[in-house]
Amino acid sequence: MHIVHVFVHVKEEAVDAFKEASVANARASVQEPGIARFDVIQAKDDPTRFVLVEVYRTVDDPARHKETEHYRTWRDAVASMMAEPRSAIVYREVFPDEAGW
């Protein structure tokens with residue numbers, strides 16, 4: 001698995017619109033064969049902070065995801081909503097692993 005956490009800080013006035021756009025993107029994303037999971041989570045103590053938890057089956061799947069129409073629609077829709085540029089950290093799976101332990 002190839003796991004990406006995307007950290008997003010949105011403008012206060014854009015919170016609802018960001019959630020709407022991101023949930024639409026997530027719903028379409030989980031239909032992609034290369035995506036095992038796609039979560040949109042929001043900080044309880046700061047509603048302007050989000051993390052997109054993207055779990056891909058292979059290292060090539062994020063690039064395929066970025067070629068989809070729903071991703072491009074999301075990217076363009078939320079660009080002006082950002083309070084600062086989004087950032088990401090890529091993780092690798094430790095447990096459970098593909099061997100099943």
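Check every one of the helices (runs of 4 or more DSSP H) wholly within region 13-101 and list those with 3 or more residues that are under 16 Å from Met1 (Cα atoms). By residue number, 61-65. Within region 62-101, the set of residues being more than 13 Å from the chain's Cα centre (by Cα) and surrounded by 15 or more Cβ atoms within 10 Å (Cβ to Cβ) comprises Arg64, Thr68, Ala77, Met81.
Applying a threshold of 8 Å to beta carbon distances and a minimum spacing of six or more residues, or different chains, the list of pairs starting in region 42-68 at a residue that is over 20 Å from Asp16 (Cβ atoms) and ending at one that is hydrophobic (A, V, I, L, M, F, W, C) and loosely packed, with under 13 Cβ neighbours inside 10 Å reads Val53/Ile41.
Take the residues in region 37-52 that are hydrophobic (A, V, I, L, M, F, W, C) and buried (at least 16 other Cβ atoms within 10 Å of the Cβ), then tell me which one is farthest from the chain's Cα centre (by Cα). Of everything passing the filter in region 37-52, Phe50 is farthest from the chain's Cα centre (by Cα). The set of residues from region 25-53 being under 16 Å from Met81 (Cβ atoms) and of a type in the set (Lys, Arg) comprises just one member, Arg49. All conditions but one from (1) over 19 Å from Arg92 (Cα atoms); (2) within 12 Å of the chain's Cα centre (by Cα) apply to Val55; the one that does not is (1).
Only the coordinates and a few stated rules stand behind these numbers; no lab work does. Owing to the predicted nature of the structure, the values given are computational and were not obtained by experimental measurement. As a convention, Cβ positions derive from the backbone with ideal geometry for all residues, glycine included, and neighbour counts pool all protein chains shown.
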